[in-house]
1. Which numbered condition in (1) in contact with a helix residue (DSSP H, G or I) (Cβ under 8 Å, 6 or more places away or on another chain); (2) buried (at least 16 other Cβ atoms within 10 Å of the Cβ); (3) closer than 29 Å to A:ILE123 by Cα is the only one that A:LEU19 fails?
2. Based on what the data block shows, is B:ASP56 farther than 25 Å from B:TYR184 by Cα and either loosely packed, with under 15 Cβ neighbours inside 10 Å or away from every other protein chain (no Cβ under 14 Å) (or both)?
3. Tell me which residues, restricted to segment B:147-157, are in contact with a helix residue (DSSP H, G or I) (Cβ under 6 Å, 6 or more places away or on another chain), crowded, with 23+ Cβ neighbours inside 10 Å and in a helix (DSSP H, G or I).
4. Might you let me know whether segment B:90-97 holds any residue that is modelled with pLDDT under 95, more than 17 Å from A:ALA158 (Cα to Cα) and of a type in the set (Val, Ile, Thr)?
5. Need at least 1 residues that are of a type in the set (S, T, N, Q) and more than 14 Å from A:LEU295 (Cα to Cα) per element, so show me which helices (runs of 4 or more DSSP H) inside segment A:1-77 make the cut, counting only ones lying wholly within it.
6. Please verify whether B:GLY152 is in contact with an Asp or Glu (Cβ under 6 Å, 6 or more places away or on another chain) and not charged (D, E, K, R), treating the condition exactly as stated.
7. Would you mention how many residues in segment A:209-229 are under 14 Å from A:CYS177 (Cα atoms), part of a helix (DSSP H, G or I) and touching a residue at least 12 places away in the same chain (Cβ under 8 Å)?
8. Is there a residue being surrounded by fewer than 20 Cβ atoms within 10 Å (Cβ to Cβ), without any contact (Cβ under 8 Å) to a residue 12 or more places away in the chain and more than 9 Å from every other protein chain (Cβ to nearest Cβ) anywhere in segment A:116-125?
2 protein chains.
Amino acid sequence: MEYWQKDIETMSRKDLEKLQLERLKKTIELAGNSPFYSKVFKENGITADSIQSLDDLQKIPFTTKDDLRNNYPYGMAAIPIKDCVRIHSSSGTTGNPTVVLHSAKDLDQWANQVARCMYMVGIRDTDVFQNTSGYGMFTGGLGFQYGAEKLGCLTVPAAAGNTKRQIKFITDFGTTCLHIIPSYATRLAEVMYEIGLDPRRDTKLHTVCIGAEPHSEEQRRRIEQLLGVKAYNCFGMSEMNGPGVAFECTEQNGLHIWEDNVIVEIVDPVTLQPVKEGEVGEMVLTTINREAMPLFRYRTRDLTCFLPGDCPCGRTHRRLARFKGRSDDMIILKGVNLFPIQIEKILMQFKELGSNYLITIETVGNNDEMLIEVELSDLFTDDYSVLQRLAKDVTRQLKDELLLTPHLKLVAKGSLPVQEGKAVRVKDLRKLC
Amino acid sequence: MEYWQKDIETMSRKDLEKLQLERLKKTIELAGNSPFYSKVFKENGITADSIQSLDDLQKIPFTTKDDLRNNYPYGMAAIPIKDCVRIHSSSGTTGNPTVVLHSAKDLDQWANQVARCMYMVGIRDTDVFQNTSGYGMFTGGLGFQYGAEKLGCLTVPAAAGNTKRQIKFITDFGTTCLHIIPSYATRLAEVMYEIGLDPRRDTKLHTVCIGAEPHSEEQRRRIEQLLGVKAYNCFGMSEMNGPGVAFECTEQNGLHIWEDNVIVEIVDPVTLQPVKEGEVGEMVLTTINREAMPLFRYRTRDLTCFLPGDCPCGRTHRRLARFKGRSDDMIILKGVNLFPIQIEKILMQFKELGSNYLITIETVGNNDEMLIEVELSDLFTDDYSVLQRLAKDVTRQLKDELLLTPHLKLVAKGSLPVQEGKAVRVKDLRKLC
């Protein structure tokens, strides 16, 4: 068993919690320099000395995305702007964007954390790593770039889009690892097969890091099978730097979250009280190893739970269950709460179905209805009776999972819009009145 | 007078040449490991010992873009691929792309060279630097990113396009410096004025690095005036890492080329013999501070000449004249050799003309003709007689510069295609038979 930083990754829980408390106190001291937190701390009587244990963290109020928006751009900075070396900004399609500031030390720490994740899934300095993320403001680009360079991979900064060119790079440069959005991974594989290239035979690919979109276990298996690789779920969010916040190990059973860098809470999104051990709730994170812009008890909106027990990989940092999606992604239909990923999970179990699907919710008369369109896979028949039986089987399974019955429409391969960036899977056309 | 690396930048010519010879010999030793150069050296009897002076460099044959293409992707590498951490690739629209490999040391050296350039034009760690280059494979993105971070600027990795968003970042983040393509700089300024923003009053911009396209002194002055900044010509090429190969100092009189990292020759593109002192020729570069992929006597196709005399800035690295364009860009029309930049130089002298223009060359009957379309500036009249007089004046000056008479067409502002990337200024529609 090999580790990037054995001492940190396999630290005893006791030592890890001691380290967390030390770093938390140091971060509180530092954050006193930020216009936003100096006020929050004053109002709540928070000082480094007032925090005697990790439980005392709960004395500090939550921080929300609105706090970031309201203090745009520099109101959360805990060090002088002159000492920051990079700013990342969300697209800010509605209202002010959110920004995250980084010092040189922050960037180095982030690169190290990404390198740790990549090393954990077996990526080494002998690998050729191609990054299909957008670069610039989107953190998946520079985040993985710096991490992979620190690890010593030969990096191919392909950036997003241009599938033919991605494939040319993969074959010409002998690419062994990819960072890729899951919906784009299946798209890439499909284009390879279309042009007569079998990635399992004609490329050196062995590992892909899939992130930036929630995806189901079934989609992972499909990507692994199509590309002939091991695929690992990587979780990131720009407020917590970007990629590398939590990452699967080779056990593929939950994502280790790096508790030397963040303190994790899982709370009920309504009561904001901690959930019981093993229950699903909203992940709340406190940065304890960041200087330019610390965040305390940041409400991520992401829903997950801790997995019980020790991981056979030997890492002591706790594991989170696969993310169900963001609380913002939840669809409430006829009083039922459901996530798009539940639908994907069912669809991906059928080899007769392709990887592209679209969920539309609309008001028909006085009812809200769900339509699921899914492409058939390449291999499949156009025998009507077979299709009818398939549709019936899929619908039954969807009903069991969702507790409501959607309209299912099987469509020909290639008839749904092709998704080259983050996939848009849900169209909500309901009348709001 | 301040320097990023005073000892190197102001080194005596004698010491600089001594350093060059040392580094050249070391690079020859290293390059013996590359499949391509080991063969070249063997065929020409080149060893580190056979090079006793800088003049001996001429024993080594030229390297051309075709050599890079023919040895795609890894045939030029002088170190094991495992020790490379990044690959940059040209778009390869025709034939194989060219690639450049970098070790971690190469990337650090490149970042240092870019930081040295930026520091030279007065950019400091207190500045907010926005990079409007494409990222990924295009070297203007990561090249400036790493350089500006090394310098300690707050970097805004805006990447290319989306003018409204660029402007939002400039105003919201207090951007003081830009890296920008010259044609896009005028476009950005025009959009600012259109939305009622005066960059001279409403932004903190003070310095822009303009590169990636040849441009005239007149276009620089226009950018300076529109944005209220100092604009510096920066020259780069992907084969020589990317940006930072040569850069103007605050004298704005020629581009210092960093002779601790490259040996410069200027040769007649036909005879390949050195040109006389001060004559224009093709720049030929030898890398002497790069390990993953050294290049000897690389024919850049870029046409320039050395400027005579010492630079008042105190730097001893020689200055190159503004690049006239690439030998590939040269237009031969009716037996006359001319460059698009000569036309731009004339157009930009007229405040009545805008910044967008298009040159079309086509065969009319048995003759090849040149049509120049140029947009009128915002301010200007639509009085026909005034326009007629203007057209006559511009045509006369063009004739004096080009030694032939083009057809000139003044068109309304906004009627030529908007250029957001590298501007396409010439359409050659001549019949080839």
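1. In the conditions (1) in contact with a helix residue (DSSP H, G or I) (Cβ under 8 Å, 6 or more places away or on another chain); (2) buried (at least 16 other Cβ atoms within 10 Å of the Cβ); (3) closer than 29 Å to A:ILE123 by Cα, A:LEU19 misses (1) alone.
2. For B:ASP56, the condition - farther than 25 Å from B:TYR184 by Cα and either loosely packed, with under 15 Cβ neighbours inside 10 Å or away from every other protein chain (no Cβ under 14 Å) (or both) - is met.
3. B:GLY147, B:LEU151
4. yes
5. A:13-31, A:35-44, A:65-70
6. yes
7. Adding up the residues that qualify gives 2.
8. no
The values are calculated or read from the model by the stated rules, or taken from the named source; none is laboratory data. Note that the structure is a prediction, hence the values are computed from the model and not measured. Heads up, the Cβs are rebuilt from the backbone with ideal geometry, glycines too, and the neighbour counts pull from every protein chain shown.
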